[in-house]
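Worksheet for the structure shown next.
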Amino acid sequence: MPDASRAVANCGAARHEVAIFRRCRHMLDRSHRKRKASSSLVRSSPTRDRLPDRHAGVRTLHGLEVKSSSKVTLRESQLPSRKFATATDCRPMPAIETSTPRVQRAFTQLSLDPWPAGLSRAAAVLRFEPWEISKRCGLSFARSHDDLDFTDVAMARPARSRTAFALVRHLGCPAAGTELWIQDRVRDTRLGIAGALTSLGLSTRDLVWVRE
């Protein structure tokens with residue numbers, strides 16, 4: 001009797017081990033099928049790009065499977081279409097005017113000889129240097145001198161006026177700007193300054209000093 005019970009126990013243990021083995025094998029087969037199905041699904045989609053597979057060494061680029069160590073060469077028909085500008089499509093840009101605009105002349109430039117009487121002191125100071133005034137207004141400066149220093153001088157007369165004015169720049173003066181001289185016979189100094197500025201195409205905003 002004890003031998004029979006022992007045989008029955010051994011038979012039951014063997015059946016239990018067989019059941020565990022079958023269950024483990026079933027789970028392994030199922031996992032293997034799932035992995036195989038997922039890999040076949042990724043390979044079947046031509047538009048999906050994926051990273052290189054470290055084990056297989058294969059990557060997908062634009063629907064082409066190539067080895068990660070090889071170079072990708074695409075035919076011209078497979079490249080995306082792109083239009084480039086040609087020489088005939090390029091048009092030259094219009095020129096940009098960078099020079100200082102010149103105003104219309106409303107004065108008559110006079111010679112320095114003879115020098116008009118009463119034209120001996122400054123009534124205002126312009127913020128421009130002689131070369132800037134020449135570029136803006138078209139006045140020509142000449143090298144001269146007085147009792148103080150060498151000077152660059154230009155003299156003119158406004159249109160429809162009998163009084164002259166002069167633009168004087170002392171070369172040794174440390175301050176910037178050009179002096180505006182007006183004849184003493186002009187009763188209203190401000191009107192004389194305004195007439196000279198108008199003839200040059202300038203305004204009172206271009207002054208840095210005015211004699212009181």
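What follows is calculated from the coordinates using simple rules that are stated; it is not laboratory data. Every value quoted in this text rests on a predicted model; they were computed, and no experiment measured them. Quick reminder, even Gly has a Cβ in these numbers, built from the backbone with ideal geometry, and neighbours come from all protein chains shown.
Couple of notes before you dig in:
- Exposure proxy for Asp184, Asp113: other Cβ atoms within 10 Å of each Cβ, ordered fewest to most, give Asp113, Asp184.
- For Arg211, the residues whose amide H sits under 5 Å from its own are Ala124, ignoring neighbours fewer than 5 places away on the same chain, with H placed 1.01 Å from N.
- Additional length obtainable on full extension of the chain from Asp113 to Arg162, 0.36 nm per residue less Cα span: 16.0 nm
- Length available on full extension from Leu171 to Ala194: 0.36 nm per residue minus the Cα-Cα distance, which gives 5.7 nm.
- The length gained on full extension between Trp209 and Arg30, counted as 0.36 nm times the residue separation minus their Cα-Cα distance, comes to 54.5 nm.
- Taking other residues whose beta carbon is less than 13 angstrom from the beta carbon of Phe141, and scoring Lys, Arg as +1 and Asp, Glu as -1, yields 0.
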